[in-house]
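Input: a single structure, listed below in C-alpha cells.
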Amino acid sequence: MKRAVEAERAGEAVRAGEAVRAGEAVRTGEAGRAAEAGRAGETAGGQPIQLRADCARCAGLCCIVPAFSRSADFAIDKPARQPCRHLGADFRCGIHADLRGRGFRGCAVYDCFGAGQQVCQVTFAGQDPADPATASQLHAVFPVMRQLHELLWYLAAALELPALELPALEQPAAAPLADELRQASQEIAGLTRLEAPALLSLDLGQHWQRANTLLRRASELARAGVQGPDHAGADLAGARRRGADLTGASLRGTTLIGADLRRADLRMADLTGADLRDADLAGADLSQSLFVTQAQLDAARGDAATRLPPSLRRPAHWTQ
Ligand code: SF4
C-alpha cells in the first residue's frame, strides 16, 4: 500500500508512519495500544479526538481494507478489502501475540491514529460493520479518515513544541503560528465528523499541503539556532552514522532503512516521515526529536539506552 496514499498528498513526507509500512496499508491488531494515552486533536468544543488506535472499538478495518504484498513485513499476499486470513469473526487477530514471529512485522508497527474507532463509532455509529452494505462504505471511508487523523496527530505534535510557547518578546512568530496550527487542527477535526459521502469527496491533498507548510514552519522555529545538516528526502539506507551529531538535522522523508545510528545525537532532529525500518538506534538520543511516531520506533531497533521522547514507549522487541 504504500505509496498510493502518499501520492495523494502534497508529495512530501509529512507523515511518518507511512514509510514504515510495506504496503498501502498495513494494519494492525495491536489491541494493546488501546490502553495507552495518545495525543488528542484540537477541537473547538466537543470531545477531543483520540489519535491512537483503539482496536477494541474498531472492526478490524486495517486487517481488511489494505492490500498486502508478501515481503519482509507481511507473510502473505492479500487483496484490498478482503479480510486477512488471521482475522476472526470477532474482528480480533488470531496471531496477535506473535505477529513478528509469524512474519507480520508490518502489522506490529501500524497505527491508524485512531481512525478505525472514529469510523466505526462516529461515522457509522450504531450500524453493523458485518452488514455487507455498511461494510462497503465503512471500508471506503477508512483510508480517508486515517489521513485526517494522521494530519491531526502532526498538528497536535507541532502544538506541543516548547518553541511554540515562547513569549512574543523572545519569539514573535510563535503565537501567530500556534494560532494557525490550532485553527487548522480544529478545521480538520470538524472534517472527521462529516458523513460518509462528504468524507469521500474531500480533497485531501489540499489539506496535506496546508498542514505541511505549517509543520515546516513549526520545525524551523523549533530548530532555530540548532539547525543541523539537511538530509531531507535523502537515501541514507544502510548509512553508517554511529555516534553522529545530528542535532537539529532535517531528516524529513529521509530513507534510513538499516542505518547505523547507534549513539547518534538526534535531539531536535526533524524525523517527519523518515523511514527507520531496521535502523539501529541503540544508545541514540531521540529525547527531543521532532515529529517522531511510535510506528517509527516500532519499526526500528534500539535498546535500553536509547533515549525517547516522553510521549512514546520503548518497543517490547528492543534489546535490554
Ligand atoms: S495478521 Fe493479524 S493484525 Fe495482521 S492483518 Fe492479519 S489479522 Fe490483522
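Each value in this text was obtained by applying a stated rule to the coordinates, not by laboratory testing. What you see is a predicted model; the values in this text were computed from it and never measured. Please note: Cβ atoms are built from the backbone with ideal geometry, for glycine as well, and neighbour counts cover all protein chains shown.
If R0 equals 22 Å, the separation of the Cβ atoms of VAL122 and ASP98 corresponds to a calculated FRET efficiency of about 0.10. Ordering PHE74, PHE113 by the number of other Cβ atoms within 10 Å of each residue's own Cβ, fewest first, gives PHE74, PHE113.
As a check on your grasp of the helix formula, calculate [θ] at 222 nm for the chain: sum -39500 (n - 2.57) over DSSP H runs of n ≥ 4, divide by the residue count, round to the nearest 500. Each step should come with its number before you reach the end.
On the way: 9 runs with 96 residues, N = 320.
That comes out to -9000 deg cm²/dmol.
Within region 259-273, find all residues whose amide N lies under 17 Å from a label point positioned 7 Å from the Cα of ALA237 along Cα-to-beta-carbon. Those under the cut-off are 259-261. Seen from CYS120, the other residues with C-beta closer than 11 Å to its C-beta sum to a net charge of -1, counting Lys and Arg as +1 and Asp and Glu as -1.
Each Cα pair under 8 Å and six or more residues apart adds its separation to the average, and for the chain the resulting relative contact order is 16 percent.
Which length gain, in nm to one decimal place, applies between ALA224 and ALA133 when the Cα-Cα distance is subtracted from 0.36 nm times their residue separation? Could you put the intermediate results ahead of the total?
Working: separation 91, 0.36 × 91 = 32.76 nm, distance 5.18 nm.
Here the segment from ALA224 to ALA133 would lengthen by 27.6 nm.
Extending 7 Å from the Cα toward the beta-carbon at both ALA56 and GLN209 defines two label points whose distance is 4.2 nm.
Take every pair of alpha-carbon atoms less than 8 Å apart whose residues are at least six positions apart; their mean separation over the length of region 227-320 yields a relative contact order of 22 percent. Going by neighbour counts of Cβ atoms within 10 Å, the residues MET268, MET145 line up, fewest first, as MET268, MET145.
Please check: in the Gaussian network model of the chain (C-alpha springs, under 10 Å), which one of PRO132, PRO66, PRO309 has the largest mean-square fluctuation. Per the Cα network of the chain with a 10 Å cutoff, PRO132 tops the list. Only Lys, Arg, Asp and Glu carry charge here, each on its Cβ (+1 for the first two, -1 for the last two); on that basis the chain has a dipole of about 800 debye about its Cα centre.
What Kirkwood Rh does region 171-219 have if only Cα atoms enter the pairwise 1/r average? Answer in Å. Let's see the in-between values first.
Details: mean 1/r = 0.0841 Å⁻¹.
Value: 11.9 Å, from the Cα pair sum.
State whether the chain is rounded, prolate or oblate according to the following rule on the C-alpha gyration tensor (a ≥ b ≥ c being the square roots of its eigenvalues): a/c under 1.5 gives rounded; otherwise a/b larger than b/c gives prolate, and the remaining case gives oblate.
Details: a/c = 1.91, a/b = 1.21, b/c = 1.57.
Cα axes put the chain in the oblate bin.
When all alpha carbon pairs of region 230-301 are counted in 10 Å bins from zero, the resulting P(r) reads 26, 67, 7 %. Once you order the gyration tensor axes a ≥ b ≥ c over the Cα atoms, which shape class does region 81-198 get: rounded for a/c under 1.5, otherwise prolate or oblate by comparing a/b with b/c? Judged from the Cα gyration tensor, region 81-198 comes out oblate (a/c at least 1.5, b/c at or above a/b). Residue exposure proxy: THR192, THR319, THR306, THR134, ordered by other Cβ atoms within 10 angstrom of their Cβ from fewest to most, comes out as THR319, THR134, THR192, THR306.
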